[in-house]
1. Got a number for residues in the range 42-53 being touching a Lys or Arg at 6+ places or on another chain (Cβ under 9 Å), open to solvent by 30 Å² or more (accessible area, probe 1.4 Å) and of a type outside the set (Ser, Thr, Tyr)?
2. What pairs can you find where one residue is in the range 459-486 and open to solvent by less than 10 Å² (accessible area, probe 1.4 Å), the other is assigned to a loop (DSSP other than H, G, I, E, B) and basic (Lys, Arg), and their Cβ atoms are less than 8 Å apart, with a gap of 6+ or different chains?
3. Restrict the check to the range 54-64 and report whether at least one residue is open to solvent by less than 70 Å² (accessible area, probe 1.4 Å), outside any helix (DSSP H, G or I), modelled with pLDDT under 90 and more than 28 Å from Ser343 (Cα to Cα).
4. Quick check, is Asp569 open to solvent by 20 Å² or more (accessible area, probe 1.4 Å) and outside any helix (DSSP H, G or I)?
5. If Gly381 satisfies all but one of (1) in contact (Cβ under 8 Å) with a residue 60 or more places away in the chain; (2) closer than 30 Å to Gln348 by Cα; (3) in a helix (DSSP H, G or I), what's the number of the condition it fails?
6. Restricting attention to the range 65-84, which residues are open to solvent by 10 Å² or more (accessible area, probe 1.4 Å), not in a strand (DSSP E or B) and not acidic (Asp, Glu)?
7. Please state which one of Ser46, Ser35 is farther than 21 Å from Lys124 by Cβ and either modelled with pLDDT of 90 or more or in contact with a strand residue (DSSP E or B) (Cβ under 9 Å, 6 or more places away or on another chain) (or both).
8. Would you mind finding the one in Leu595, Leu631 that is closer than 15 Å to Leu444 by Cβ and within 13 Å of the chain's Cα centre (by Cα)?
Amino acid sequence: MLDFFSIFSKGGIVLWCFQGTSQLFTPSVNALIKSVILQERTGNNSFSHESLTLKYKLDNEFELIFVVAYQNILQLSYVDKLLTDIQLEFRERYKLALLNLNQSGVSLNFSEFTDCFHQLLREKEEESRQEQKAGRKMRTFEDSQKSKKTVSSMIENKKEEKKPLKGKENKVPKGVSNDSPKSVASNPSSNSSQSSASNTPEVPSENGVLDEETRQRNLQKLMMRGKKKTPAASKSPEAPKRKGKQATKWNDSVSNKDIAELDRSETKEDDAAVPTKAEQALVGKMSGQLQDIEPEDDDDDDDDFEEEEEEEEVHQKTKTAGKSRGGGMFSMFRNLVGSKTLSKEDLQPALEKMKDHLIAKNVAADIAVKLCESVSAKLEGKVLGTFGSIASTVKNTLQESCVQILSPRRRVDILRDAMDAKQQRRPYVVTFCGVNGVGKSTNLAKVCFWLVENGLSVLIAACDTFRSGAVEQLRTHVRKLNALHPEKRNSRDMVQLYERGYGKDSAGIAMEAISSARDYHIDVVLVDTAGRMQDNEPLMRALSKLVKVNQPDLVLFVGEALVGNEAVDQLCKFNQALADYSQSTEPRLIDGIILTKFDTIDDKVGAAISMTYTTGQPIVFVGTGQTYSDLRNLNARAVVSALLKG
């Protein structure tokens with residue numbers, strides 16, 4: 001039933017292999033290594049590639065990987081148990097072989113392991129058949145969750161009264177008097193006197209004589225008896241009363257002077273954007289590659305961490321909670337020091353705390369769970385040295401995993417690719433897409449400024465024909481960029497705008513812009529698209545059509561650094577829409593990410609992890625402000641340092 005089983009080291013040395021068919025399994029195993037193991041995505045032990053299902057198990061003590069492959073149409077319930085038994089059996093042989101290798105120098109040979117493998121395979125297949133014949137057994141009472149409940153947890157304490165919510169202690173229900181019972185008891189006639197005070201004449205005073213004012217008031221109350229109450233008069237008696245619904249009057253008359261002021265069809269000299277002194281000072285400072293994000297100074301955290309480690313070594317037997325001076329999410333590991341093999345039970349409490357810490361740092365919940373599972377799989381079975389601390393081990397493992405996730409699979413070098421396209425006499429095309437309000441046009445202008453600083457001419461295609469003011473916004477950016485770089489290229493400005501107004505087909509506008517850039521030898525075309533929610537099918541179809549028709553060199557997704565769980569949903573649905581609506585066997589998907597508003601999140605940098613883990617694509621740019629120079633490269637170690645801080 002199994003097609004393939006292989007045991008190899010993390011260094012790439014195949015120790016033993018079984019192949020039941022003539023099918024070539026090398027591409028599937030290479031895809032598993034490249035997409036899962038090297039990318040730190042080992043939380044789920046199952047991987048699908050073409051028509052195969054691959055399951056794997058890691059042995060962190062001996063750095064071994066066990067991989068089994070079978071057809072994905074099969075339902076083999078014994079594979080996980082077989083992997084565990086094979087691991088336990090082989091690791092003992094491997095340990096003995098390493099000892100013999102050190103003593104005798106004989107090379108490793110596990111050819112005799114084939115008989116053991118077939119025997120274990122037959123046993124597991126037989127157990128699986130017996131389980132299928134027996135059918136599913138009902139759980140006993142001891143196995144249920146109800147048996148774990150204690151008697152004290154099921155006893156209701158009726159003496160405890162519910163405390164009223166804050167601010168509602170003195171709230172009185174409708175129809176109930178606001179007087180307290182104490183006041184009512186002390187003055188039983190107060191209720192009746194208050195309820196009929198408005199219609200009951202006032203009683204005489206003690207000497208039986210009423211004054212004139214009281215008498216007039218009593219006469220007025222007697223006259224009001226039996227009459228309907230009139231609504232209370234308005235506080236502003238002079239306010240005009242609207243009689244009925246009145247038609248709205250529109251003043252359509254516009255003078256010639258107003259027409260001249262409202263005409264925006266032609267560029268006027270007065271409308272030219274004048275850059276400020278601060279913007280003029282930015283010119284010439286962004287040539288070459290962009291700067292990385294500056295890491296925060298975390299020397300104090302490292303010093304505290306090292307001091308706590310020293311204290312733990314000195315006071316191993318007298319540990320108390322009062323002596324701990326912090327340590328954040330890793331403080332619970334410090335009671336596990338010494339030569340110890342880490343088990344899943346040892347790591348489980350800490351992984352729960354680590355998951356909460358990642359979610360608090362804005363990592364999507366699903367991604368936080370997968371990341372914790374990956375760290376658990378990497379640490380389970382690992383043996384620490386005598387002076388090794390689990391705190392530093394877990395922290396280093398998590399840091400390595402996050403850095404590996406943020407490290408791009410392929411390098412995206414726009415300057416190099418643009419120069420290469422220029423030698424081929426064609427424009428380099430970049431398309432910007434994303435949801436509404438994330439800063440696509442603003443960051444497009446930043447990228448344009450950086451490209452012009454490096455001597456490349458740019459054509460901006462205004463393909464956002466949906467949002468009002470989108471073309472005018474790009475027009476303002478173009479004027480300001482040309483004012484900052486007044487030099488000409490072939491008697492044309494360095495930055496130009498290709499626009500066709502609103503309500504037009506964005507794919508057609510992009511095609512015309514690329515053709516115009518090719519005719520006028522413009523180096524780069526930046527395509528601005530309309531913001532769209534991931535569930536808006538008509539706009540997603542339009543985006544897929546634009547990408548399919550024009551085949552840009554780079555498709556960049558612009559996302560906010562403020563989002564949490566929404567980042568996964570946005571990226572997944574954008575990729576899914578580009579794949580579904582393209583009607584192509586090899587559709588173009590998102591090639592990179594621009595992370596905006598990074599200066600507003602402090603150390604909550606989890607969106608970078610969520611986006612990169614979801615797509616596997618690199619973060620090309622990071623927006624850190626509002627000026628043209630606020631564009632940076634992602635520094636993976638700086639982001640991970642902020643993620644683990646606290």
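The values are calculated or read from the model by the stated rules, or taken from the named source; none is laboratory data. Everything quoted here is computed from the prediction, not taken from an experiment. Cβ coordinates were reconstructed from backbone atoms using ideal geometry, including for glycine residues, and neighbour counts include every protein chain displayed. Ligands, DNA and RNA are excluded from the accessible area calculation, which covers all protein heavy atoms including side chains. Shrake-Rupley method; radii C 1.70, N 1.55, O 1.52, S 1.80 Å.
1. Of the range 42-53, the ones touching a Lys or Arg at 6+ places or on another chain (Cβ under 9 Å) are 42-47.
Filter once more, so that each one left must be open to solvent by 30 Å² or more (accessible area, probe 1.4 Å): 44-47.
Keeping just the survivors that are of a type outside the set (Ser, Thr, Tyr) gives 44-45, 47.
Counting residues in the range 42-53 that are touching a Lys or Arg at 6+ places or on another chain (Cβ under 9 Å), open to solvent by 30 Å² or more (accessible area, probe 1.4 Å) and of a type outside the set (Ser, Thr, Tyr) gives 3.
2. Ala462/Arg500
3. There is no residue in the range 54-64 that is open to solvent by less than 70 Å² (accessible area, probe 1.4 Å), outside any helix (DSSP H, G or I), modelled with pLDDT under 90 and more than 28 Å from Ser343 (Cα to Cα).
4. Numbers: open to solvent by 20 Å² or more (accessible area, probe 1.4 Å): yes; outside any helix (DSSP H, G or I): no.
Spelling it out, it is not the case that Asp569 is open to solvent by 20 Å² or more (accessible area, probe 1.4 Å) and outside any helix (DSSP H, G or I).
5. It is condition (3) that Gly381 fails.
6. The answer is Asn72, Ile73, Leu74, Gln75, Leu76, Ser77, Tyr78, Lys81, Thr84.
7. Values: Ser46 fails: farther than 21 Å from Lys124 by Cβ.
That would be Ser35, the only listed residue that is farther than 21 Å from Lys124 by Cβ and either modelled with pLDDT of 90 or more or in contact with a strand residue (DSSP E or B) (Cβ under 9 Å, 6 or more places away or on another chain) (or both).
8. Details: Leu631 fails: within 13 Å of the chain's Cα centre (by Cα).
Matching residue, one of Leu595, Leu631: Leu595.
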